[in-house]
1. Cα gyration tensor of region 156-257, axes a ≥ b ≥ c as square roots of the eigenvalues: rounded (a/c below 1.5), prolate (a/b > b/c) or oblate?
2. In the chain, with Lys and Arg counted as +1 and Asp and Glu as -1 at Cβ, which of these residues, Leu87, Asn286, Asn6, has the Cα nearest the positive end of the dipole, that is, farthest along it?
3. Determine the sum of side-chain charges near Leu14: Lys and Arg each +1, Asp and Glu each -1, restricted to other residues whose C-beta is under 14 angstrom from that of Leu14.
4. List the relative contact order of region 286-336 as a percent without decimals, with contacts defined as Cα pairs under 8 Å and 6+ residues apart.
5. Given the C-alpha centroids of region 155-213 and region 84-137, what is the distance between them in whole angstrom?
6. Each residue of region 301-312 in turn: what ³J(HN,Hα) in whole Hz from Karplus with 6.51, -1.76, 1.60 and θ = phi - 60°, glycine and Pro shown as x?
7. Starting from the eigenvalues of the Cα gyration tensor, five times each then square-rooted, give me the equivalent ellipsoid semi-axes of the chain, largest first, whole Å.
8. Could you name the lysines whose alpha carbon sits less than 19 Å from that of Lys316, not counting residues in the same chain fewer than 8 places away?
Amino acid sequence: MSRVFNFSAGPATLPESVLVQARDEMLDWHGGGMSVMEMSHRDKDFMSIATTAEQDLRDLLGVPANYKVLFMQGGATGQFAAVPMNLLRGKLSADFVVTGAWSLKASKEVTKYGKANIVAKPADGRYNHIPARDGWTLDPEAAYVHYTPNETIEGVEFNWIPEVGQVPLVADFSSTFLSRPIDVSKFGLIYAGAQKNAGPAGITMVIVREDLLGSALPITPSIFDFKQVADNDSMLNTPSCYAWYVCGLVFQWIKREGGLKAIAERNQRKAALLYDCIDSTPFYSNPVAKSDRSWMNVVFTLPDAALDADFLKGTKAAGLPGLKGHRSVGGMRASLYNAMPEAGVQALVDYMKEFARTHG
Ligand SMILES: *Cc1c(COP(=O)(O)O)cnc(C)c1O
């Protein structure tokens with residue numbers, strides 16, 4: 001068996017020890033004689049897997065007691081609709097900070113249910129920085145303020161949590177969930193698709209303050225009604241059982257690695273290693289303002305796009321796949337999620353230096 005360093009933006013690399021454990025437990029989970037995939041979600045074995053995963057996630061993030069943790073389906077894109085259906089609560093609009101492709105998409109989906117008020121957006125249309133907070137004009141009557149802490153496609157990340165007064169703050173954490181500690185009490189709602197940094201595709205975590213529940217629009221599908229999902233412990237219908245289980249293994253892995261503080265330090269080192277290479281090698285460039293560079297998704301370009309194919313052929317051959325940038329941005333993107341070891345980033349940096357030397 002030979003495993004590569006997978007830089008894909010999502011679905012993405014998982015900790016090898018988690019995959020090994022899932023393999024070892026595949027046919028017979030804890031002596032019960034069946035796979036987690038085969039268990040009824042009402043079975044007490046699966047219930048213990050589900051509640052342990054929730055508790056571990058609560059421990060990692062320090063989720064306050066007045067927040068519900070939901071395990072849903074439909075991805076972050078499902079939440080682009082579920083959040084307004086649940087959180088508009090009779091109000092007419094929500095405020096959106098647009099910093100890249102994902103926050104733009106979220107703001108567009110809302111318009112089926114209410115108005116999206118764009119409070120900040122780069123004037124030149126280039127998503128290469130986070131607009132400063134003092135330039136945002138927030139509406140005190142907004143149902144909530146939505147932002148995207150990490151823009152997966154452009155590699156732009158908030159390194160601060162916006163202050164928005166009494167209006168609930170909502171964040172699409174998908175690509176930076178569990179990359180570092182966060183103060184959950186500053187948020188009304190956090191959501192994250194698992195397949196970037198927390199597990200396999202098919203499950204979406206929602207952490208929501210209890211007082212925001214119970215006012216969903218009448219048209220809200222039951223499976224997207226946060227109150228109904230919460231009242232049924234995320235088992236209103238059959239959940240994504242296997243993905244839930246693997247997420248639970250990932251949460252335990254993060255605990256073993258020392259928790260989110262230790263993970264954050266490692267993530268910062270990994271990002272610094274790659275950005276240092278980009279900044280110190282004139283061959284490469286990154287368009288993002290230094291203070292707003294993502295730890296999770298590092299974008300970079302070569303001096304001539306005609307070299308891209310060669311670069312990617314070489315990385316693939318070197319066991320470094322998944323580096324092609326998003327089609328809307330071009331160039332390269334290295335996703336450095338929690339499960340990417342420092343050795344993987346070092347291997348990429350070594351390759352990049354050699355490529356620059358031979359093609360510069
Ligand atoms: C990947 C991603 C999404 C879309 O996630 P799906 O689970 O495919 O719906 C939304 N927002 C961000 C920030 C993402 O990285």
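1. Working: a/c = 2.06, a/b = 1.05, b/c = 1.97.
Judged from the Cα gyration tensor, region 156-257 comes out oblate (a/c at least 1.5, b/c at or above a/b).
2. The one lying farthest along the dipole's positive direction is Asn286.
3. Numbers: positive: Arg3, Arg23, Lys196; negative: Glu16, Glu257.
So the surrounding residues net to +1.
4. Numbers: 50 pairs, mean separation 21.4, N = 51.
Over region 286-336, the number comes to 42 percent.
5. 15 Å
6. Computed from phi, the couplings for region 301-312 are 10, 9, x, 9, 4, 5, 8, 4, 4, 5, 4, 6 Hz.
7. Values: eigenvalues 219, 161, 51 Å².
Working from the Cα gyration tensor, I get semi-axes of 33, 28, 16 Å.
8. Of all the lysines, those that pass the test against Lys316 - Cα under 19 Å, at least 8 places apart if same chain - are Lys324, Lys353.
The values are calculated or read from the model by the stated rules, or taken from the named source; none is laboratory data. Note that the structure is predicted; figures quoted are calculated from it, not measured. Please note: Cβ atoms are built from the backbone with ideal geometry, for glycine as well, and neighbour counts cover all protein chains shown. The protein model used for the area step is the full one, side chains on, heavy atoms only, and it has no ligands, DNA or RNA in it. Shrake-Rupley method; radii C 1.70, N 1.55, O 1.52, S 1.80 Å.
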